[in-house]
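Beneath this line is the structure, given in structure tokens, with notes to follow.
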Amino acid sequence: MIELVIAACLATGECKEARLTYDAQDVSLMTCMITGQVEVARWQERHPVWQIKRWHCDVTGQDDRAASRSVSGQQDSEVLLVQTAAGARGSSVAAVHNAESLPVWKTIILGTYRTPDDLRDALRRKRIWIGHAANPLLDLSSPALQQVEAPIDLAVISVAELGFAEDGASLSDVIFRAKRLGLTPCLPEVAFQLPLQYQHWPLGEFLLIATEPIAPPAGEPVALLVGNGGAGLVIVGRRADYDDLIAPETKLVFAAPR
């Protein structure tokens, strides 16, 4: 089992630990780490009189407690690792040689909202959480929103399927290889439209939206991830750079040729 452990205190000094438990077959330790801040914020909304002091993710139910790993609320910014329920390092994966051999995963419509605030309000109405790093990307002056409605076909491909099955690859190598296959990096809007138009997301699965690293007005470039952390859909941003290593089992969403 995977536990999200929240330590919180009242103004009177009374403290307690709240534990949210997930099946390890559905939610990995890395998923807990990625979405922990979202779940903690939701817990805080439901318990406003408690002040959160710290939180961490842990593995429970093991005979050898020394073998369990604990992850604090800080992600390793050097590795973009998105482990899905189906992913497994070291499994045999056949490389994809052209985009035509990939099925269209989803077709969504871009340009259905005129302003970033319109899109942000739609996400809030559907109770889709936007992380702090992802939220500013909606307000970029660069084309974050398509100005006319247009369908876009999306394909999902893993780093291993791109031919990097052993150790993964840098973000620049992943994007370069995908372009050679005929795939195209997505507009940032895809990350925000996708959970609105596709809500039946497998528990514990996160997809990295393949965009060029997006730099907010102040701060480091960000990559966008969309997934289901166990309490609903979330859109989160993580530090990204072309040299960042992406693990073989990471699944990415690209625009497919039409």
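The values are calculated or read from the model by the stated rules, or taken from the named source; none is laboratory data. The structure presented is a predicted model; accordingly, all values stated were derived computationally and were not measured. Glycine also receives a Cβ, built like all others from the backbone with ideal geometry; neighbour counts cover every protein chain displayed.
What number goes with the only condition from (1) in contact (Cβ under 8 Å) with a residue 24 or more places away in the chain; (2) out of contact with any Lys or Arg (no Cβ under 7 Å at 6 or more places or on another chain) that residue 225 does not pass?
Single failed check for residue 225: (2).
Rundown of residues vs (1) within 15 Å of residue 249 (Cα to Cα); (2) outside any strand (DSSP E or B), yes/no style:
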| residue | (1), (2) |
| --- | --- |
| 152 | no, no |
| 166 | yes, yes |
| 187 | no, yes |
| 191 | no, yes |
| 203 | no, yes |
| 208 | yes, no |
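Would you confirm whether or not the range 75-96 contains a residue that is out of contact with any His (no Cβ under 9 Å at 6 or more places or on another chain), at pLDDT 85 or above and not in a loop (DSSP other than H, G, I, E, B)?
Looking only at the range 75-96, we keep the residues that are out of contact with any His (no Cβ under 9 Å at 6 or more places or on another chain), and these are 75-96.
Remaining after also requiring at pLDDT 85 or above: none.
So far as the range 75-96 goes, no, none of its residues is out of contact with any His (no Cβ under 9 Å at 6 or more places or on another chain), at pLDDT 85 or above and not in a loop (DSSP other than H, G, I, E, B).
Does the range 146-169 contain any residue that is within 22 Å of residue 199 (Cβ to Cβ), at pLDDT below 80 and assigned by TED's automatic domain parsing to the domain that holds residue 212?
Yes.
Take the range 185-206 and flag every residue that is modelled with pLDDT of 90 or more and under 11 Å from the mean Cα position of the chain (by Cα).
If the condition is that a residue be modelled with pLDDT of 90 or more and under 11 Å from the mean Cα position of the chain (by Cα), then 191 is the only one that fits.
Taking residue 141 and the conditions (1) modelled with pLDDT under 75; (2) part of a helix (DSSP H, G or I), which numbered condition does it fall short on, given that it satisfies the others?
Unmet condition: (2).
Tell me yes or no: at least one residue of the range 44-53 is assigned by TED's automatic domain parsing to the domain that holds residue 14 and at pLDDT below 50.
No, that holds for no residue.
Since residue 257 meets every condition but one in (1) surrounded by 20 or more Cβ atoms within 10 Å (Cβ to Cβ); (2) under 20 Å from residue 103 (Cβ atoms), which condition does it not meet?
Looking at each condition in turn, residue 257 falls short on (1).
For residues in the range 168-184 being among the small types (Gly, Ala, Ser) and touching a Phe, Trp or Tyr at 6+ places or on another chain (Cβ under 7 Å), which is surrounded by the most Cβ atoms within 10 Å (Cβ to Cβ)?
178
Kindly establish whether residue 215 is closer than 17 Å to residue 131 by Cα and in contact with a Lys or Arg (Cβ under 6 Å, 6 or more places away or on another chain).
no
Give the residues of the range 170-185 that are closer than 14 Å to residue 211 by Cα and either outside the structural domain of residue 237 (by TED's automatic domain parsing) or in a helix (DSSP H, G or I) (or both), sorted by residue number.
Scanning the range 170-185 gives 171, 172, 173, 174, 175, 176, 177, 178, 179.
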